[in-house]
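> One structure, as structure tokens, below. Some questions next.
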Amino acid sequence: MDNNQGNNKRKCPVCGRFARAEAVEKHEMAVRTMRKALAECKEAISQKDGIIDTMKCSLSAYEVEHDELTSTVANLKSEIAGLNKTIKDYRELTDSQRKSIDELDGKVSGLMERGLWARIFNKDI
């Protein structure tokens with residue numbers, strides 16, 4: 001083995017065999033580049049994980065707010081239904097009261113047409 005030839009060979013970090021120094025340097029450069037890219041990817045993933053955690057917290061807050069609003073809407077709908085029933089009952093009551101008033105008017109007018117009442121109202125007495 002020549003000294004020149006020995007200087008041109010280095011031990012490969014992957015397999016442990018001796019290879020040309022240029023090949024080993026290219027390989028080491030590629031490994032450094034890949035490690036750098038891997039570190040950037042890990043950093044990007046950690047940032048995305050932070051964003052995802054924030055979004056999950058926001059989602060849970062929105063779900064709680066949605067549940068509260070849904071229950072509020074349900075309560076308001078039941079309240080509206082109760083008020084509509086009250087209005088309907090009131091209208092039915094006023095209709096029945098109108099019928100009662102009409103019946104009483106009919107009785108009063110019937111009484112006013114007869115006897116003493118007719119003379120009092122018509123000022124015959």
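> Give the long-range amide H neighbours of Cys12: residues separated by 5 or more places, or on another chain, with amide H under 5 Å away, using H modelled in the peptide plane at 1.01 Å from N.
Sorted by chain and number, the residues that satisfy this are Arg17, Phe18, Ala19.
> Counting only trypsin sites (Lys or Arg not before Pro) that are in a DSSP loop and have at most 13 other C-beta atoms within 10 Å, tell me the longest site-free stretch of the chain.
After excluding every exposed loop site, the longest remaining stretch is 18-113.
> Tilt of helix 21-112 relative to the longest C-alpha principal axis of the chain, in degrees (0 to 90, nearest 10)?
The two axes meet at around 0 degrees.
> Further question: Select from Ala74, Ala37, Ala21 the residue whose mean-square fluctuation is largest in a Gaussian network model of the chain (Cα-Cα springs shorter than 10 Å).
Taking springs between Cα atoms under 10 Å, the residue moving most is Ala21.
> Suppose every Lys and Arg Cβ carries +1 and every Asp and Glu Cβ carries -1, with no other charges. What dipole size does region 3-121 come out with about its Cα centre, to the nearest 20 debye?
For this selection, approximately 1200 debye.
> Below 8 Å between Cα atoms, with a sequence gap of 6+, how large is the relative contact order for the chain in percent?
Contact order relative to length: 8 percent.
> Put +1 on the Cβ of each Lys and Arg and -1 on the Cβ of each Asp and Glu in region 11-125; which of Leu38, Leu104, Gly82 then has its Cα farthest toward the positive end of the dipole?
Value: Leu38.
> Suppose only helical runs count, i.e. DSSP H with n ≥ 4. What mean residue ellipticity at 222 nm does that imply for the chain under -39500 (n - 2.57) per run, divided by all residues and rounded to the nearest 500 deg cm²/dmol? Show your work: numbers first, answer last.
Numbers: 3 runs with 104 residues, N = 125.
That comes out to -30500 deg cm²/dmol.
> Output the Cα-based Rg and Dmax of region 35-108 in Å, rounding Rg to one decimal and Dmax to a whole number.
31.3, 106
> Work out the P(r) tail for the chain: percent of alpha carbon pairs separated by more than 21 Å, whole number. Numbers along the way, then the final one.
Numbers: 5969 of 7750 pairs.
Tail of the P(r) past 21 Å holds 77 percent of the pairs.
Rule-based calculations on the coordinates, nothing more; no lab input. From a predicted model like this one, the values you see are computed outputs, not experimental measurements. Every residue, glycine as well, gets a Cβ built from its backbone with ideal geometry; the counts of neighbours run over all protein chains shown.
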